[in-house]
Structure formats: C-alpha cells, structure tokens
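Report on one structure; see the data block that follows.
The values are calculated or read from the model by the stated rules, or taken from the named source; none is laboratory data. Just so it is clear, the structure is predicted and the values come from calculations on it, not from any experiment. Positions of Cβ are backbone-derived with ideal geometry, glycine not excepted, and every protein chain shown enters the neighbour counts.
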Amino acid sequence: MNRITGGSLFLALMILAGCASGPPPAVGMWGVDMNTPLGVIPVTLTLNEDGTGSMEAANLGEAPVSDIVYDGPNVTFTAEIDAQGQSVMLDFSGAVDGDAIEGSFGSDFGDIAVSGTRQ
C-alpha cells in the first residue's frame with residue numbers, strides 16, 4: 001500500500017510541476033535590430049512555444065524559423081532569408097534576460113549582432 005501511495009504522490013507532483021512551469025523565456029514576439037555591415041535592419045521575430053516561428057523585415061520579407069531549441073534563457077534557431085535574390089542561411093544563438101534578447105546570427109558573411117526587446 002505504501003508503494004502505491006508513494007507512487008501516486010510522486011506522479012501528482014510531477015504533473016503539478018509540469019503545469020506550473022510556463023513557456024520558455026524566449027517565447028513571444030520580439031522587435032530586434034540586426035547590426036549588418038550595410039546598417040541596422042529592424043526585424044520582427046516571433047518564437048512560438050511549439051517550436052515554430054518567423055522573422056520579418058521590410059527589406060527581407062518574411063521567413064519561417066526552424067530548428068528552435070529552448071534551453072532555459074538560451075535559444076537557438078535557423079532561418080533562410082532572401083537577401084536581394086540570394087538565399088542566405090542564418091543560425092541564431094542568443095539569450096533572454098527579462099524582456100531583452102541579445103545574440104547573433106551566424107552566416108557565411110560573418111556574425112551579425114542582434115539585440116531587441118519583447119513586443
């Protein structure tokens with residue numbers, strides 16, 4: 001009987017712990033600036049809890065975000081954008097601190113610093 005009670009208590013605690021935890025800190029809509037060699041490009045970045053997302057900029061259009069990995073305050077993902085007719089793969093790595101996000105996009109042209117705030 002003790003085993004059943006102990007197992008039930010453990011299961012209940014695990015369920016409550018899962019319900020109590022919220023979405024990863026990076027989930028949400030972000031207004032970020034990409035600091036490129038051609039100047040600052042404002043981007044709207046949307047990261048969803050289910051691992052989907054998008055990024056959108058006036059001169060780059062909208063691109064889906066893939067391979068999102070949340071690890072505490074850290075987030076990584078990949079996006080393929082069309083830059084003046086050329087396909088460019090961007091690999092983001094960054095971290096969230098409250099309502100601020102900092103990181104960089106790795107690309108064939110070098111790293112592009114990114115900083116922004118939650119919208």
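Scan the stretch 72-89 residue by residue and report those that are within 15 Å of the chain's Cα centre (by Cα) and of a type in the set (Ser, Thr, Tyr).
Within the stretch 72-89, Thr76, Thr78 qualify.
Between residues in the stretch 86-102 that are closer than 20 Å to Asp67 by Cβ and residues that are at pLDDT below 95 and not in a strand (DSSP E or B), which pairs lie under 8 Å by C-beta distance while being six or more apart or on different chains?
Once the first residue is closer than 20 Å to Asp67 by Cβ and sits in the stretch 86-102, its partners that are at pLDDT below 95 and not in a strand (DSSP E or B) give Val88/Asp108; Val88/Phe109; Met89/Asp108.
Checking the conditions here, which among Gly98, Gly103 is exposed (fewer than 15 other Cβ atoms within 10 Å of the Cβ), modelled with pLDDT of 95 or more and under 17 Å from Ser115 (Cα atoms)?
Of the residues listed, the single one that is exposed (fewer than 15 other Cβ atoms within 10 Å of the Cβ), modelled with pLDDT of 95 or more and under 17 Å from Ser115 (Cα atoms) is Gly98.
How about the stretch 107-116: which of its residues are at pLDDT 95 or above and more than 17 Å from Ser54 (Cα to Cα)?
Asp111, Ile112, Ala113 - these are the residues of the stretch 107-116 that are at pLDDT 95 or above and more than 17 Å from Ser54 (Cα to Cα).
Report every pair of residues separated by at least 6 positions or lying on different chains whose Cβ atoms are under 8 Å apart, first residue within the stretch 31-52 and at positive phi, second surrounded by 14 or more Cβ atoms within 10 Å (Cβ to Cβ) and not basic (Lys, Arg).
So the pair list comes out as Gly51/Ile68.
Restricting attention to the stretch 56-65, which residues are among the aliphatic types (A, V, I, L, M) and more than 10 Å from the chain's Cα centre (by Cα)?
Ala57, Ala58, Leu60, Ala63
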